[in-house]
Amino acid sequence: MATGAKRPKVDYGSEMNPLQNFLQWCNTVGLRLSHKVCVSKEGTVAEYGMLAKDNIEEGEVLFTIPRSAVLHQGTTKVSAMLEKEKSSLESSSGWVPLLLALLYEYTSLQSQWKPYLSLWANFKTLDHPMFWSKEERDGLLRRTGIPEAVETDLANIQREYTNVVLPFIRKHPDLWNPGTHTLELYTQLVAFVMAYSFQEPQEEEDDDDDEEEEEVEKTKTPYQLMMVPMADMLNHVSNHNAILEFTLDSLKMVCVRPIHKGEEVFNTYGQLANWQLLHMYGFTEPHQSNSNDTVDIPIINLYKVATQGVQSDLARQLVEEKWEMLLELMQEKATFVFGKQGCLTDTELHSVLKVLCMSEEEFSEFKDHEGWEEDEEEEISLAFSYEGLPGLNASWKWLIHEAARLTASSYRDWEGGGSAPEGLSSRQQRALHVCCGQRSILHRLMELTKS
């Protein structure tokens, strides 16, 4: 698939030994790879990828990874130390034990995972926006939500390293070294975990059967976040053809629809919009092919629209009272999320529009009764789908239309409209995918809500 999502291409020259060493290592740790697939740099959408060497049917297992080959804080050589002092490693992210394991294994010449980790000889090749300059982020990604998310990430990473990680590694100089295990390497490993880790889904517990629940607990792994060799070689697209399944003894990549010889095998990282893919993984899909793309409309934009053209002091006071009440229910930084089929936060949007469009008498009654009886969720969902939007009452449609227009006007202007101008850098191309995808949803929304 030529339009697949891409991790940035990296030029390691013609040196193929890291890949050959990794594949040999896979054999030694019991990782079984189907003869119908191969790992390759050629014919894939990114640096590494997996190709079908033969036709593959739905349900076929592409490879099986024993749990002993999976890297997390329970399998690392320093697992006993991490377990012993886990109470001192608690943090808001919950990633510190895994990251300490990676700090150790990545820099240890005797690491069991050295052939695997050597595939990333230089983590600077990761191109998450956290590694862009602030000027690039603010200029290329304005209004996408990414610059704010990155600033939060960087502040949290520095705080976590300074307050939790650094005191711990200083306490254990025989295993970690502040001169080697620096904030820079820690940040690179955070990006590595963001881009390549897997999270094991948690089983739903049956409250009615205590014995069965206890049995489930015994078989659960406490290490939800893990690095899975081979599985992280697969690239992502929304319309994927394989998925990772977790069993008690192993992890298996299973084909979910037929793959023809010569096609690339694609996993899915979840139903992610382009801004999420770029923020967490450092790549995007062409916005036309990402069925999970979304855009946020800030609640403040609805407030700005509601105050437009308000003439009298009494009318302005009424809008302000409504706004204060809404802020008690929601935060000023709240947003309404629209996807390619409609609003994904329809219940919240319904409530806000209902309040903003109330008459003075309706609002007074609303306050006296401390709310209202909510409409059925199914009715709300239909009303704010793309099929239902044209049928909304005029005042609601006007608010949505103008808020979408105000949001769209805040994006960076790209020469050439929605098409990619010639000579863009890879970062500019990815930023364009994010911005154009979000603006296309806003323009569709404006079309459906115009008078």
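The values are calculated or read from the model by the stated rules, or taken from the named source; none is laboratory data. These numbers were taken from a predicted model, which means no experiment stands behind them. Neighbour counts run over all protein chains shown; Cβ positions are idealised from the backbone, glycine included. Please note that ligands, DNA and RNA were not included when accessible areas were found on the heavy atoms of the full protein model with its side chains. Shrake-Rupley method; radii C 1.70, N 1.55, O 1.52, S 1.80 Å.
Could you please state, rounded to a whole Å, how far the C-alpha centre of segment 246-302 is from the C-alpha centre of segment 67-98? So the two Cα centres are separated by 28 Å. Size descriptor for the chain, Kirkwood hydrodynamic radius: 24.9 Å (Cα pairs only, one decimal).
Each peptide in 136-144, 161-169, 429-437 gets a packing score, the mean of other Cβ atoms within 10 Å over its residues, and the list from highest to lowest is 429-437, 136-144, 161-169. The 3J(HN,Hα) values that the Karplus relation (6.51, -1.76, 1.60; θ = phi - 60°) gives for segment 324-329 are, in residue order, 4, 5, 5, 5, 6, 8 Hz. Gly and Pro appear as x. Taking only protein heavy atoms and a 1.4 Å probe, the accessible area of segment 40-90 is 47% carbon and sulfur.
So how much slack lies between Q158 and S410, counting 0.36 nm per residue of separation and subtracting their Cα-Cα distance, in nm?
87.7 nm
Helix 146-160 versus the longest principal axis of the chain: what is the Cα-based angle in degrees, 0 to 90, to the nearest 10? Relative to the chain, helix 146-160 is tipped by roughly 50 degrees. Checked against a 23 Å cut-off, the cross-linked pairs K41/K340; K304/K397; K84/K252 give Cα-Cα distances beyond that limit for K41/K340; K84/K252.
One Cα centroid belongs to segment 126-179, the other to segment 380-396; the line between them spans 42 Å.
Run through the DSSP bridge list for the chain and note the antiparallel percent, rounded to the nearest 5.
95 percent
Placing +1 on the Cβ of every Lys and Arg and -1 on the Cβ of every Asp and Glu, with no other charges, gives the chain a dipole of roughly 3240 debye about its Cα centre. Solvent exposure of segment 114-207 amounts to 48 Å² per residue of accessible area, where only protein heavy atoms count and the probe is 1.4 Å.
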